[in-house]
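The values are calculated or read from the model by the stated rules, or taken from the named source; none is laboratory data. Model, not experiment: these values are computed from the prediction. Neighbour counts run over all protein chains shown; Cβ positions are idealised from the backbone, glycine included.
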Amino acid sequence: MNENNSESKNIEIPSNLTVGDLANKLNLESVDVIKQLMRAGYMLSINQKLEYELAALIAKSFGFDASEVEIIEEKKQIFKSNIDGDEIKAPVVTILGHVDHGKTTLLDSIRKTTVAESEHGGITQKISAYKLGYKDSFITFLDTPGHEAFSTLRSRGAKVTDIAIIIIAADDGIMPQTDESINHVKSSGVPIIIAISKTDLPGADIERVKGQLAERELMVEEWGGEIICVPISSPKNEGISELLDYILLVAEVNEFKTDTKLPPKAVILESSMDGKQGIVVKALIQEGILKVGDRFITNTTKGKVRALLNDDGNQVKECLPSTPIDILGFESLPQSGEVLEWVKNEKDAKNLLAKKKAETSNTHTNNINLTHASVEQKQIETINIVVKADLQGSLDAIIESLNLFNKDSIKIALIHYGIGNVNENDVAMAMASNSVIYSFNLGIEQGVLEKNKNDLVKIENYNIIYELIDAVEERITNSIVKEETFVKQGNAEIKAVFTFDNKPIAGILINEGKVNSSYKVKIIRNNKEIFFGKIKSLKHYKDDVRELISGQEGGVGVDDFENFNIGDKIEFFS
């Protein structure tokens, strides 16, 4: 504890008071008093009671001499709604970070379940939400996908959260999706807690992680900053209680509130088509109390709450703020990120939905950059595909990943896409356009087997997203002729990555042959081609040059590619 003895001030404190009362007496922020209590080994929240001896000790550390006074009339603090209807709500906590750094395993440790082991490929591929009790409080957790294809879902997770936990493996340090998560959270402006995982593994270096955070302007408390940092080992259940305590502390300090008197409002997290229940939509209630029978609209659809299912799958009659809930009763699939709003009756729902649709012309198809071809489209350099997925978020992620493959030499034409099992219409569309059907986490309807009994249409189903993406990439690779039409002129290795005019440049060493600014480039990572395209700029130090030869160092910029990694190989073709 830091003693401030230079100039003590006298104060009177009662024999029994709360942490908040003491902060007011000392004219300090409650969080400063709470931190000082923690340094002394006491985990107390703002409304918990202090004995006089401890209160006097804390006051002393801030330069105050305390004397005890008798309370004539004790002030009673009763938790209730204020006159405006504001109420303290359970914090919504999002767990973010790089793939395989332990996000789901952390939640698994908290929930005492085996969620991580049940995930396909050991990675999370959809948003899961849980409301859990801890120390007479509740915390709502959002577990977001960590694979790079799910950047869209991760950004949605950050936008609906109150507190973000960024998990970083002590042996790996900060990785690409960690940086992406940090950027999402910074842009959302929510409080951050760092959880350093896998601290028990060989090669774990907690101080290195703290240094990497400092480089990204995230200074942890131990280094003089404000960011809370908690080392954890989920398999050993170490640091979990401390992490939960800090979540409640941050929630206490920020006083997250909601208003249950307002009409209910919720954010759509995910939507899917269930064979028995129909459309199932997972949402997070933000305001008001959603009840069975309530009518609602979003930007694209409407409905009436037919049933509410909590995170245990049990039916409930109503749902409070900060609570994840599955809603039955939508007329059509909404998009993830839409806001559900309560309406008084069906007439209002129809009128308001028509108004929203008129105002919002940017529907889901406007966000797709892939060539959206008609069935009559015939192009030699076009690969036609049909994509079906189990969830809206999965479909978004697949399309987002496929967009990266479009380049000068080939185009992916998205003939048709949708949610739900592969059906006869999908097969008809694929047959007419010579398309391959790629499905994710789905089955095939009975009529499809009869319609496609001669295997005229190729249908491929995957349970892991990157395996589906790899399959499309292989099809692209087999469809492109490169080496037969271009002559290899040289190769290089990326030794550094730097920025010039706000664009990433690969610092290279020419190992063999030469490179001319008119050449094409093939980028190879882990013995696998990841890009083929045009050179945008060629530099020797800061000067633009036309050619580099074997043994020279330089910099190369590439059209439509920015994700350079040190160690990547580059081959040059004329």
If you go through segment 316-333 one residue at a time, do you hit one that is part of a strand (DSSP E or B) and on the phi > 0 side of the Ramachandran plot? yes
Got at least one residue in segment 372-381 being modelled with pLDDT of 55 or more, assigned by TED's automatic domain parsing to the domain that holds G418 and either surrounded by 13 or more Cβ atoms within 10 Å (Cβ to Cβ) or at positive phi (or both)? no
Can you confirm whether segment 409-421 contains a residue that is modelled with pLDDT under 75, among the polar types (S, T, N, Q) and not in a strand (DSSP E or B)? yes
Unique match (being closer than 30 Å to D179 by Cα, at pLDDT 80 or above and of a type in the set (S, T, N, Q)) among T105, T140, T114, T124: T140
Within segment 536-558, track down each residue that is surrounded by 15 or more Cβ atoms within 10 Å (Cβ to Cβ) and modelled with pLDDT under 85. V545
Which residue out of V280, V230 is modelled with pLDDT of 90 or more, crowded, with 17+ Cβ neighbours inside 10 Å and under 24 Å from the mean Cα position of the chain (by Cα)? V230
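Here is a yes/no grid of residues against (1) of a type outside the set (A, V, I, L, M, F, W, C); (2) surrounded by fewer than 14 Cβ atoms within 10 Å (Cβ to Cβ); (3) touching a Phe, Trp or Tyr at 6+ places or on another chain (Cβ under 8 Å):
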| site | (1), (2), (3) |
| --- | --- |
| E222 | yes, yes, no |
| D245 | yes, no, no |
| L249 | no, no, no |
| L262 | no, no, no |
Just one of the numbered conditions (1) under 30 Å from F141 (Cα atoms); (2) modelled with pLDDT under 85; (3) of a type in the set (A, V, I, L, M) is not true of V343; which one? (2)
Select the strands (runs of 3 or more DSSP E) contained entirely in segment 424-535, then report the ones holding at least 3 residues which are touching a Gly at 6+ places or on another chain (Cβ under 7 Å), buried (at least 18 other Cβ atoms within 10 Å of the Cβ) and modelled with pLDDT of 80 or more. 488-500, 503-516
Just to confirm my filter: which helices (runs of 4 or more DSSP H) fall fully inside segment 163-270 and include at least 3 residues that are in the same structural domain as K131 (by TED's automatic domain parsing) and polar (S, T, N, Q)? 176-188
In segment 559-568, which residues are exposed (fewer than 13 other Cβ atoms within 10 Å of the Cβ) and of a type in the set (A, V, I, L, M, F, W, C)? I566
Between A492, A506, A471, which is in the same structural domain as I412 (by TED's automatic domain parsing) and out of contact with any Pro (no Cβ under 9 Å at 6 or more places or on another chain)? A471
Looking at (1) on the phi > 0 side of the Ramachandran plot; (2) touching a strand residue (DSSP E or B) at 6+ places or on another chain (Cβ under 9 Å), which is the only condition V267 fails? (1)
